[in-house]
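Structure, as structure tokens:
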Amino acid sequence: MIADVALPLPIDKTFSYAVPDVLIPFARPFLRVKVPFRTRSLAGFILDIREGVGEGLKPVHGLLDCVPLIDDACFELCKWAAGYYAAPLGLALKYALSLPSKIEKYRVLRTEEPSLVHLDNLTLKKACALAGRMRVLDYLKRSLAELTDVFTGKRVERKERPTGRDGARRVALFVGGLEERLAFYASLISEELSRGRNVLMLLPDYQAAGAFFFRCLSESFPGSVFWYGSSLPEKKKAETYFRAGAEAGRLILGNKSCVFLPLRDNGLVIVERPEEDEYRNEEAFRFNAVRLAVRRAGIEGVRAVLGSAAPPLEALKRAADGLVDVVEGRAVESPPASSMRGDRNRSRQSYVPDAMIGAIREVLDQKGNVVVHALRRGYGANLFCRDAKLQ
């Protein structure tokens with residue numbers, strides 16, 4: 001057998017390894033494996049298992065997981081993000097998993113087999129240390145034992161890709177003040193939770209917006225609101241991870257990292273203040289969590305809602321063009337933006353379109369202020385102003 005593995009390297013390709021006979025019964029897609037790469041060992045993700053003798057291929061050293069840590073929807077999102085942002089799939093998958101090395105502390109082995117009573121109710125980490133990972137894998141495969149978690153006590157099951165039609169729901173934009181947005185979100189969340197479905201809500205940060213929304217929504221939905229983000233202690237983060245994947249009727253709040261979180265029966269994706277810069281990720285690979293949240297909603301066939309008092313220009317333009325539905329709140333004026341294009345043949349110092357210069361001069365002549373938003377470093381070229389000698 002041959003395993004095609006994605007490695008967390010800045011290389012846009014997969015690597016093939018021979019699967020030893022002892023690992024063949026347990027190897028499957030999305031499991032992490034330890035493989036040799038040049039002079040070191042790396043943790044990669046199995047993408048495919050295929051027939052073959054694997055002559056001349058290096059062997060897989062071992063399995064790092066007993067069950068996959070990502071589901072089909074998460075993999076589809078990582079695959080799309082890697083293609084859209086021209087990033088290696090291995091880096092996207094590695095970023096999507098923020099608890100891989102610690103997750104086994106919170107998984108519990110349950111068994112009613114008399115010969116395995118010494119392993120019953122042990123954490124997976126302790127069970128593997130006591131009996132060996134290969135034996136634990138064998139017990140799980142033969143249904144002599146099963147995995148639960150310490151927070152919900154529910155069996156760990158692999159979640160298949162949702163059956164919803166890809167891209168079936170349009171994106172909704174709510175433009176209004178904070179109290180209006182909060183009331184609108186609460187009505188949508190209440191509807192989904194009453195149906196026994198989960199809701200994913202992205203917030204720009206934890207200290208300000210996150211803490212406020214967590215407090216307000218916890219009052220409206222006591223016991224159903226959980227936060228997932230890098231600022232949380234390990235155990236709290238693990239609890240949210242397991243409850244989101246095993247329980248229904250939960251509201252999961254989080255920053256950009258929670259867009260990859262495996263959710264059971266997700267029914268709605270909300271992004272609060274999509275214009276905020278905190279949604280842009282600079283680690284491992286660059287992405288905009290707002291764009292990924294909308295794509296995730298399309299993969300799962302659920303609604304995506306963007307809410308803000310001052311939405312990003314892109315959202316306003318798409319709303320004016322009829323590509324995004326404006327729901328309640330304040331109406332979006334049409335057209336909210338003008339498109340200008342400069343002459344590429346002109347020199348660098350004169351590349352700002354004349355129409356843009358004229359628009360700025362008109363506002364300044366009326367004693368108004370002008371704000372020019374330039375693309376962030378690494379996302380586009382610098383903006384030069386020759387007359388003011390500023391860069």
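Are any of the residues in region 67-80 over 18 Å from P262 (Cα atoms) and either of a type in the set (A, V, I, L, M, F, W, C) or at pLDDT 90 or above (or both)? No, every residue in region 67-80 fails to be over 18 Å from P262 (Cα atoms) and either of a type in the set (A, V, I, L, M, F, W, C) or at pLDDT 90 or above (or both). Is it the case, given these coordinates, that G301 is surrounded by fewer than 20 Cβ atoms within 10 Å (Cβ to Cβ), in contact with a Pro (Cβ under 9 Å, 6 or more places away or on another chain) and at pLDDT 90 or above? So G301 fits the description; yes.
G52 fulfils the conditions (1) in contact with a strand residue (DSSP E or B) (Cβ under 7 Å, 6 or more places away or on another chain); (2) crowded, with 18+ Cβ neighbours inside 10 Å; (3) among the small types (G, A, S) except for a single criterion, (2).
Scanning region 2-20 for residues that are in a loop (DSSP other than H, G, I, E, B) and either under 29 Å from the mean Cα position of the chain (by Cα) or modelled with pLDDT under 90 (or both) yields L7, P8, L9, P10, I11, D12, K13, T14.
Among the conditions (1) under 18 Å from the mean Cα position of the chain (by Cα); (2) loosely packed, with under 15 Cβ neighbours inside 10 Å; (3) within 18 Å of Y228 (Cβ to Cβ), the only one that K102 does not satisfy is (1). Quick check: is even one residue across region 153-163 over 21 Å from R28 (Cα atoms), at pLDDT below 90, within 22 Å of the chain's Cα centre (by Cα) and exposed (fewer than 15 other Cβ atoms within 10 Å of the Cβ)? Yes, because at least one residue in region 153-163 is over 21 Å from R28 (Cα atoms), at pLDDT below 90, within 22 Å of the chain's Cα centre (by Cα) and exposed (fewer than 15 other Cβ atoms within 10 Å of the Cβ).
Could you please let me know if G83 is more than 30 Å from D325 (Cα to Cα), under 25 Å from the mean Cα position of the chain (by Cα) and modelled with pLDDT of 90 or more? For G83, the condition - more than 30 Å from D325 (Cα to Cα), under 25 Å from the mean Cα position of the chain (by Cα) and modelled with pLDDT of 90 or more - is not met. Checking the stated criteria, F26 turns out to be part of a loop (DSSP other than H, G, I, E, B), more than 27 Å from C258 (Cβ to Cβ) and of a type outside the set (D, E, K, R). In region 31-50, the residues that are outside any strand (DSSP E or B) form Cβ pairs under 6 Å with partners that are not hydrophobic (A, V, I, L, M, F, W, C), at six or more places apart or across chains, as follows: L31/D65; L31/P68. Looking only at residues of region 179-215 that are assigned to a loop (DSSP other than H, G, I, E, B) and over 20 Å from the mean Cα position of the chain (by Cα), we find that the one that is surrounded by the fewest Cβ atoms within 10 Å (Cβ to Cβ) is R195.
Okay, residues lined up against (1) at pLDDT 90 or above; (2) of a type in the set (D, E, K, R):
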position: V175; (1), (2): no, no
position: V225; (1), (2): yes, no
position: E234; (1), (2): no, yes
position: G249; (1), (2): yes, no
position: V259; (1), (2): yes, no
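Looking across region 5-39, just one residue is charged (D, E, K, R) and crowded, with 17+ Cβ neighbours inside 10 Å, and that is R32.
The values are calculated or read from the model by the stated rules, or taken from the named source; none is laboratory data. Quick caveat: nothing in here was measured; it's all calculated off a predicted structure. Heads up, the Cβs are rebuilt from the backbone with ideal geometry, glycines too, and the neighbour counts pull from every protein chain shown.
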